[in-house]
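Step one of this worksheet: look at the structure below.
The values are calculated or read from the model by the stated rules, or taken from the named source; none is laboratory data. Quantities reported herein were computed from a predicted structural model and do not represent experimental measurements. So basically every Cβ, Gly included, is an ideal-geometry build from the backbone, and we count neighbours across all protein chains shown.
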Amino acid sequence: MDLLDESIVPEQARDVKQEARAFAREHIAGNAEAYYESGDYPWEILEAGQRAGLVAGDIPEEYGGRGLSLHEMLAMAEEFYRADAGIGLTLQLASFGAEMLADYGSEQQKDQYLRPVANHEQITGLAVSEPETGSDLAGMRTSADLDGDEWVLDGEKYWVGNGVEADWVTLYAKTGDSDDRYSNYSMFIVPTDTDGYSAEHVDEKMAFRASKQAHITLENCRIPEENLIGTRGAGFYMVAEFFNHGRVVVGGHGLGLAAGAIEEAESFVTDREAFGRTVDEFQAVQHELSEMRMAFESARALNWRAADMVAEGTNPGYWAALAKTVSTEAATDCAERAMSLHGGRSVFDNRRIARIYRDVRVPVIYEGANAVQRNLIHQQAPR
């Protein structure tokens, strides 16, 4: 059974898909349970992914990356997340936010900060959310005030992937106070060894345990004026565009998790007997498996169509929100049905389905909670 077959994947993304599949089998799947139990950061797997060219691959070739397309990043996400969501997220967060530097940064910034990430000498992270503000990009309070030739940062950031481990983060801060609330934000490069920057891991999570998130505190944190990315006041629009691509890839997170749930469910009911026959012979069980397949195949078809539309710039916000919402909710549905089919064995921590069941609760929240995605779908739907 190959739920993540190549038939829907564009030919130019198939080589990367096979690379990611081989890597996931060798390095991720067999280590998933141990890293879930320990909650350790998977440095060895991250370094193996860097050597394999599967980390920071979307950084342009002229700065040392592979220049991977949105379709290639989606293909990679499917394979990583089928093997394990926590490790998969660590691999994809190692360059998270650097894409905005590639698109809007100066040549000096790209040489100084982007190239080391592409060359696997550094990792980065993206600091947007705050303790009291998650999906409201125009409601963030962390401030950046220009004082001579330095920006002074004050505030807090939360749920920052690699906020402790990263060498630098791309940080979203308020730089204005105009009536147009969307033009009041800017993006900055903030080295994590800067005075006034402090970070600690958030409380331990029930899911995605091999990925580390941080709470960042900024107190009179001073960075050079030239660490502003692009134009002052354009930060909201940079992040919105970045999330359009990111949400398609998050849809791939959901597809990988859904595929894993279906694999576990079908394997379990085929091998288990009850009342003199295998469990998969019962019509009610067959209906459950059919519902899972329907949800998965519908989501996958939509997600790959969304990749086409976002890549070509056709109403990208609408298609990205559709892909993220449908695919992550398909994963939740498949995981819940798979748990039910496993019966009492579903609750054991050492069961893969138990880890998947926990993990599917996370992608419906990050990169914009699905309730917010529904707002975007309605607001941006073609009329």
Can you spot a residue in the range 327-348 that is within 30 Å of residue 72 (Cα to Cα), without any contact (Cβ under 8 Å) to a residue 12 or more places away in the chain, surrounded by fewer than 23 Cβ atoms within 10 Å (Cβ to Cβ) and not assigned by TED's automatic domain parsing to the domain that holds residue 138?
no
Enumeration of residues in the range 244-280 that are charged (D, E, K, R) and either in a helix (DSSP H, G or I) or in contact with a Lys or Arg (Cβ under 8 Å, 6 or more places away or on another chain) (or both):
247, 263, 264, 266, 271, 280
Within the group 315, 370, which residue is within 18 Å of the chain's Cα centre (by Cα) and not hydroxyl-bearing (Ser, Thr, Tyr)?
370
May I ask you to list the residues in the range 283-305 that are within 17 Å of residue 339 (Cβ to Cβ), more than 32 Å from the chain's Cα centre (by Cα) and not small (Gly, Ala, Ser)?
285
Only one of 166, 127, 138 is in contact with a Leu (Cβ under 8 Å, 6 or more places away or on another chain) and touching a residue at least 12 places away in the same chain (Cβ under 8 Å); which?
127
Filtered residues of the range 44-68 (kept if among the basic types (Lys, Arg) and closer than 13 Å to residue 20 by Cα)
51
How about the range 285-307: which of its residues are closer than 18 Å to residue 7 by Cβ, without any contact (Cβ under 8 Å) to a residue 40 or more places away in the chain and of a type outside the set (A, V, I, L, M)?
293, 297, 298, 305
Those strands (runs of 3 or more DSSP E) completely within the range 89-162 that have 3 or more residues that are closer than 25 Å to residue 79 by Cβ are 124-127
